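Engineer: Dumping the structure here so I can ask a few things about it.
The values are calculated or read from the model by the stated rules, or taken from the named source; none is laboratory data. The structure displayed is predicted, hence computed values, not measured ones. Virtual Cβ from ideal backbone geometry, glycine too; neighbours counted across all protein chains shown.
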Amino acid sequence: MKKSLNNTLQKPTLSIKDKTKILVTVSVAALVISVPLGFERIDFEVRGYYAIHIVSVIFGLVLSIIGIITYFEFRKTRLLMVFAAFLTITIAESTSLVNLINPIFDIVYGTHDLIIHGLVLVMLSFFVVGIFRTD
């Protein structure tokens, strides 16, 4: 059993340095686009929501990019599903962010929304920390 497990594990080619470059690039691009766009249109009361959505979109994009790179490297269906999960969360957070800037749907902000989006951000944060771990 142990022998077959070792044969299936492979070392990824993305180093910590590569992952850091992806994180920094996506973060800078997202902040350069979102800060001037959003803070001019967003009321002071909902800037916390805006910040949560921005960070969630950044983390989701980083995880999606690393997920698709990893999928193309190993060609495993499980990795494709992980990529799809991260992409779905990123699309959901992006939709919430766009709706915050330019309301399309009814907006009701309350404690429930703050908790839900905060938990999504915490979940994405755990995943981001996990991909940077080397153990």
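Engineer: Residue check: is Leu5 aliphatic (A, V, I, L, M), more than 17 Å from the chain's Cα centre (by Cα) and at pLDDT 85 or above?
Structural biologist: In short, no.
Engineer: Now a separate question. Being of a type in the set (Val, Ile, Thr) and within 14 Å of Ile68 (Cα to Cα) is the filter; apply it to region 12-31 and report the residue that is modelled with the lowest pLDDT.
Structural biologist: That would be Thr13.
Engineer: Ok, one more. Let me spell it out: the conditions are (1) closer than 21 Å to Val28 by Cβ; (2) in contact (Cβ under 8 Å) with a residue 24 or more places away in the chain, and Val129 meets all of them except one. Which number is the exception?
Structural biologist: Here Val129 clears every test but (2).
Engineer: Moving on to the next point. What number goes with the only condition from (1) part of a helix (DSSP H, G or I); (2) without any contact (Cβ under 8 Å) to a residue 12 or more places away in the chain that Leu97 does not pass?
Structural biologist: (2)
Engineer: Could you look through region 62-84, keep only residues that are among the small types (Gly, Ala, Ser) and touching a residue at least 12 places away in the same chain (Cβ under 8 Å), and pick out the one that is nearest to Ser34 (Cα to Cα)?
Structural biologist: The selected residue is Ser64.
Engineer: May I pose another question? How many residues are touching a residue at least 24 places away in the same chain (Cβ under 8 Å) and either in contact with a His (Cβ under 9 Å, 6 or more places away or on another chain) or among the acidic types (Asp, Glu) (or both) when one looks only at region 100-115?
Structural biologist: Looking only at that region, the number is 2.
Engineer: State the number of residues belonging to region 103-114 that are loosely packed, with under 10 Cβ neighbours inside 10 Å and in a helix (DSSP H, G or I).
Structural biologist: Residues flagged as loosely packed, with under 10 Cβ neighbours inside 10 Å and in a helix (DSSP H, G or I) within region 103-114 amount to 2.
Engineer: From the list Val62, Val122, Val82, pick out the single residue that is surrounded by 14 or more Cβ atoms within 10 Å (Cβ to Cβ), under 23 Å from Ile52 (Cβ atoms), within 11 Å of the chain's Cα centre (by Cα) and not small (Gly, Ala, Ser).
Structural biologist: When all the criteria are applied, what remains is Val62.
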